[in-house]
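Data first, discussion second: the structure below is written as structure tokens.
We did not get these values from a lab; they are worked out from the coordinates using the rules stated. Keep in mind that what you see is a predicted model, and the values were worked out from it rather than measured. We place every Cβ from the backbone using ideal geometry, glycine too, and count neighbours over all the protein chains shown.
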Amino acid sequence: MGQASMATSAFARVDCASFNDPHARSLALTTFVLIEMLNALNAISEDESLLSVPPWANKWLLAAVCAGVLQQALILSLPPIAALFEVAPLSPSEWAVAASLSMPVVLIDEAFKWRRRRTRTERAKSDTGTNMHPHKP
């Protein structure tokens, strides 16, 4: 049996109707947009936490993120544009679901930043202890 037929048979029982559901598509798209907007806010500082370098530290980036979320809301809400993208408006509870599914990106990035800070501090401590008498080339 070829690879293509094995892949086809593996998904033969999968109901793909949800791929044609505008609400499911809208929720997935909105979740991805919110993840990317939160990623942009995480990029304000490579190592410092959002708690120490808040989003309003870069007003232009914050404005761009707000504009991106507003654009997403308009795409979902304006019937001609929604029809073009084959999406549907989301209820406030669906927006809340998208936001809650997007939040882990902040927690994961904060964990990476914490680890980078900790590694940098440990490296600095070990460098000061071992480099007190540098070797001459």
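Between the listed residues 87, 45, 20, the Cα displaced farthest toward the positive end of the dipole of the chain, a dipole computed from Cβ unit charges relative to the Cα centre, is found at 45. Each peptide in 45-55, 66-76 gets a packing score, the mean of other Cβ atoms within 10 Å over its residues, and the list from highest to lowest is 66-76, 45-55. In the range 20-117, a dipole from Cβ-located charges (positive for Lys and Arg, negative for Asp and Glu) runs towards its positive end, and of 30, 96, 56 it is 56 whose Cα lies farthest in that direction. In this Cβ point-charge picture (+1 for Lys and Arg, -1 for Asp and Glu), the chain has a dipole of about 700 debye about its Cα centre. For the pair residue 70 and residue 44, label points projected 7 Å from Cα toward Cβ lie 1.9 nm apart. Positive contributions from Lys and Arg (+1) and negative ones from Asp and Glu (-1), summed over other residues with Cβ under 15 Å from the Cβ of residue 117, come out at +1. Look at the Cα gyration tensor of the chain: its axes a ≥ b ≥ c give a/c of at least 1.5 with a/b at or below b/c, and that counts as oblate. Each of the peptides 14-22, 92-100 was scored by the mean count of other Cβ atoms within 10 Å over its residues; in descending order, highest first, they stand as 92-100, 14-22.
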